[in-house]
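Notes to accompany the following structure.
Each reported figure results from applying straightforward, stated rules to the coordinates on display, with no laboratory input. Model, not experiment: these values are computed from the prediction. Reconstructed Cβ throughout: ideal geometry from the backbone, glycine too, with neighbour counts over all protein chains shown.
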C-alpha cells in the first residue's frame, strides 16, 4: 500500500458565496494529492507524459462531510491500495490540518492512454517501476 | 419526474493540457444543469437563497465516458426522479450536442441547510411548491 | 471597427465568499467575448488552431467598476478597432444585461504564434480574411 | 517597502490546451502572493474580514512575458511600495523558481470596503498597524 499526505491552503478563489470551498474544487485538491503521491515515489507525473502516456479519469466519487473555508490548511491523504493491470484507483481523505476533522472523502479511477492515439494501454514501465517496491 | 436539458459551449479555460475538458469542470457543468432545471420550474435558485436556505452537496459521482474538447456544444440533461424529504438527488447526462455521444454521467446529492445556522433542514416550501406538480 | 455582444449568466462556481464574481473570472468572460466576436465574423477560433496557429495573451488590463453577483445576466461587448500587423488588441465592456450598469472594462493584447514552434508570426490568412471586410 | 516571495507549483487544472497556464489563473497566483505577503507581516487576510472589512480589486494589469507550464515551480514576488490612504497597490513578478526567468508581471489595486454596507472606507487599523513598521 502506498500513502502520502500533502498540505495545501484554501485560496479565496476556491470559495463560493456559501462561504465554503466550491464542490468542484475538491477534484483539483485530489489532483494535488495524487501528483505529490507519485512524486514521493520518485516519479513526476510530467515524466509519465513525456514518455507518451496520459492518465485521464474514468470515474470519480466525492463525499462532502464538512465544509472547508477560506485560508484553511487541509491535509490531502492519497492512497493506492493495489497495483492493478490497466486501471489505477486512488482513494483520498481531506482533513483539517489542525484538528483532523474530515472534510471530504472520495476516489478517482484512471486508465492509462497513449498520448498520440488516445487509446487505452497498460501502465507504462516508468510507473510500475516507481510503485512496485511499495507492493512487495 | 422532472427533466431539463441545457446547452453550453466548452471554453478554452475549461480545457487542460491533455486537450480535454478538465475533470473537475464537469461538476460546474452539473451546476448549470440543475440551476436551469429549477429555472424551468419557475424557481431561480437565487430565490431559494434569498429565503434563507442553501443546498450544499453531500455526495457526487462522475463517470467520464468520452472526452469533451474546446468549443464543443454540450447538452446537460438534469433529472430529478423523486421529491424526497430531506435529501435532493439529481442525475446528469452530458452528451455532445450534434451527435448525442455520451461524455459524462453522474449524480449529485444535496441537503437543504439554513443559511444562518448552516444546520440541515427540510426542503423549503418555495422548493416543494415549484416541483410538486411534476410528481403528481 | 468590429463589435459583438455575448450574454452569459454568472455561475455559482464564479462567485467567491465576498458574494461577488471572483476577480480572475472576468478574464474568462473576456475569452467568451472574443470567441463569439470571431464566430460572428464566420471564424471559429478552433479553426485558427487547426490551421496551426495560437493566439496567447501578451497583456491584459481590467477595471472593476461594479461587482457582478450570482445568476446575473451579463453582456460582454468585445471590440476590435484596428487590424494590426502582428498584435491583436481587443477591448471589452461587461454590463448588467437588464440595466446596462457597467461591471468591468478592460482589454487584452495577443500575438499570433505557430503552434509547433511557439514562435511569433503574422496573423494567418484565415484570420485577416474573416475580419478585413469590417475594416474597409 | 514591503516585499515577499511565495513559491507555488502549477497544477494540471491550471493549464489549457495550449499547454500553458491559462491567462486568468495568474490573478489567482497574484492572490496567493498578496495573501502570503500579509501573513509575513503577521496579518492573516481572514482576520481583516473578521473585523468587518473586505479588499476587492478595482484594477488589475498583467504582462505575459513567458509561458508557465504544468508542474513548474513558480516564485510569486509581491511588493507594496506605499502605505496609501484609501487604495492599496500591489506589484507582482512571477518567475520560474529554478532559473529566475520572468513569466508574468503586473499589479492589482484594491480599495477597502465595509463588509456589511459594501461602502469604501479607510484601511482598518489592523492593516495599517501590521504594515507601518515596514514604511518607517
**Q.** Residue of chain B whose Cβ sits closest to the axis mapping B onto C, with distance in whole Å
**A.** B:8, 5
Q: Output the Cα-based Rg and Dmax of chain C in Å, rounding Rg to one decimal and Dmax to a whole number.
A: 15.6, 47
Q.
If neighbour count is taken as other Cβ atoms inside 10 Å, put A:87, B:133, D:61 in order from fewest to most.
A. B:133, A:87, D:61
Q. In nm, what does the list of distances from residue D:77 to its counterparts in the other copies look like, shortest first, when each label sits 7 Å along Cα to Cβ?
A. 4.0, 4.1, 5.6
Q: Using only the alpha carbons of the protein assembly as shown, determine the length spanned along each of the three principal axes and report them from longest to shortest in whole angstroms.
A: 53, 52, 49
(Q) If each label sits 7 angstrom from Cα along the C-beta direction, how far apart, in nm, is residue C:7 from its counterparts in the other copies? (A) 1.6, 5.0, 5.0
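Ignoring everything except DSSP H segments at least 4 long, calculate the 222 nm mean residue ellipticity for chain A; use -39,500 (n - 2.57) per segment, divide by total residues, nearest 500. Walk me through the intermediate numbers first.
Numbers: 3 runs with 29 residues, N = 136.
So the calculated ellipticity at 222 nm is -6000 deg cm²/dmol.
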Q: Give me a single rounded figure for B:5-12: the average over its residues of other chain Cβ atoms within 10 Å of their Cβ.
A: 4
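What's the average, rounded to a whole number, of partner chain beta-carbon atoms within 10 Å of each residue's beta-carbon in D:31-38?
2
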Q: Could you work out how far helix B:25-40 tilts from the main Cα principal axis of chain B, as a 0 to 90 degree angle to the nearest 10?
A: 50 degrees
Q: Mind telling me which of C:92, C:64, C:53 comes out most flexible in a GNM of chain C, alpha-carbon contacts under 10 Å?
A: C:64
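What does the structure give for C:61-68 when I average, per residue, the other chain Cβ atoms found within 10 Å of the residue Cβ?
Per residue, the number of nearby Cβ atoms from other chains is 4 on average.
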Q. Which residue, D:77, D:36, D:51, has the most motion in a Gaussian network model of chain D that connects Cα atoms within less than 10 Å?
A. D:51
Q: Compute the label-point distances linking residue A:100 to its equivalents in the other copies; points lie 7 Å from Cα along Cα→Cβ; give nm, one decimal, shortest first.
A: 4.6, 5.4, 6.2
